[in-house]
Amino acid sequence: MTSFRRNGSVEVDRCVTTIAARMNARVTDISARIHQALEEEIPELRADVPTVELLGASVQGNVDTMLQALRHDIPARRIDLPAAADEYTRRLAQRGVPLNALVRAYHIGQRRGTELVFAELQVADIAPVDRFLVGRAIATRLFEYLDRVIQQVVAVYEGEREQWLETRNSVRALRVRELLVGKEAVDIDGTTEQIRYPLRWHHLALIVWYPETGAHSDELSQLQRFVRASAETVGTAASPLFVADDQLSGWAWLPYRSAQPDAVAGVRDFAAAQPDAPRVAIGTLAPGVPGFRRSHRLALGARSVALARGDAEHRVIAAEDAGLSVAALLGSGSAELREWVGDVLGDLASDTDNDARLRETLQVFLRAGSSYKAAAAELDLHSNSVKYRVGRAISRRGRPIAEDRLDVELALLICHWYGPSILRADSA
């Protein structure tokens, strides 16, 4: 047994150096013990074979670095994370292993390492009081090393996680856009794995966005939270798919194993109940890859109508709303469409409150099979009032509607959905 006594006192630094040298000679065994303790106490670290093997290299790299720092009195501020530990941290970040599991591993490793250090101290020829001084010196340096390394681990993990998610989301968005274009045959199972979304199921597409206000903060995060909450509320069978379109808007799909007649109503009701909900355009529920694409196209069409009408009060618009899909197909208020509506409706296409009431009455009247009674019931008016308004509407148009009734109904539908964007200035 080697004595560390000199003139009745202990040279603490020399003792630390000698203890570290002894332990370094057994670095493989010590690392294996710590490795075993980590696997036993932290289930997340034994998830798959490749990372488990790299964990062993990470532990040994940390132990060797720690012992060399003790042996040569290297300040903690000059210590860098070992290469194996750096790579292990990145792999865990890529696999989504929680950061707290990794930080806990370092604390457990320090605890186990400290136990082994004090076991080594017990067999050293040092007086009890001096053993305490040496133990305190080693414990202090181990803590400084741990504090330094954990700071680096957290920085590496967060940086890698952010980059990994950004890359993964970019790849995911690219695959989704390729899928929507549909120029190549689709490997359904392979694409499902890549985008982590069940393409063989039924899909309800959403377009969600916030109006342009000039104040950009975390709108995309808010949109994602809204989509996730919507999916939970309407009872989807798996997690929704969300892809950012730009800083203020995103595309989403809600997955169902089978057709759900109430899915659209569920999303509409949920959005209506949220005071800070974004604007929402909803497609129709449809199966498979063709349904994935079609629902999205219909949601885009619904959004184009919503943007054209510029109605801030109506936050939700759905492709299943009567006549909306037809209106979307005709375009978003083009000059040619505006001229055609004006030709068909005459002065009835004017942007006035009175003409709006007349258009609504005429539209309901025609939809009710030209029945004044049925229209009155739907509008909650007296049949004579309906008859008067229909007469005024025809008068404003300037000609009867018997010969071109279909054109009139279509023009009224377009006015209903596009509003002021398709109407002309007051010509009363």
In debye to the nearest 20, how big a dipole does the chain give about its Cα centre with +1 on each Lys and Arg Cβ and -1 on each Asp and Glu Cβ?
400 debye
Between Q224, Q68, Q194, where does the largest GNM mean-square fluctuation fall for the chain, given springs only between Cα atoms within less than 10 Å?
Q68
Divide by every residue of the chain the summed helix terms, -39500 (n - 2.57) for each DSSP H run of at least 4, and state the resulting mean residue ellipticity at 222 nm, rounded to the nearest 500 deg cm²/dmol.
-21000 deg cm²/dmol
What does the charge add up to near E320, with Lys and Arg as +1, Asp and Glu as -1, over the other residues with Cβ less than 12 Å from its Cβ?
-1
Most mobile listed residue (D321, D351, D125) in the chain, GNM with C-alpha springs under 10 Å:
D125
Relative to the longest principal Cα axis of the chain, at what angle does helix 405-418 sit, 0 to 90 degrees, rounded to 10?
40 degrees
With Cα atoms, 0 to 90° folded angle of helix 27-41 axis to the chain main axis:
40 degrees
On a full-extension model of 0.36 nm per residue, what is the gain between V326 and D29, subtracting their alpha-carbon distance, rounded to one decimal in nm?
99.5 nm
If I model a spin label at A259 and A229 as a point 7 Å from the Cα along the Cα→Cβ vector, what separation in nanometres do I get?
3.1 nm
Round to a whole angstrom and tell me the spacing of the C-alpha centers of the range 117-160 and the range 235-314.
56 Å
I'm spelling it out carefully: the read-out is Kirkwood radius over Cα pairs in Å, the candidates are (i) 27.5; (ii) 22.4; (iii) 23.8, and one was derived from this structure. Which label?
(i)
For the chain, modelled as a GNM with alpha-carbon contacts under 10 angstrom, which of Q152, Q36, Q94 fluctuates the most?
Q36
Quick check on the range 197-327: what does the Kirkwood estimate of hydrodynamic radius come out to from the alpha carbon pairs, in Å?
14.5 Å
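A short reminder: the numbers here are calculations on the coordinates, not readings from a lab. The model shown is predicted, which means the values in this text are computed figures rather than measured ones. So basically every Cβ, Gly included, is an ideal-geometry build from the backbone, and we count neighbours across all protein chains shown.
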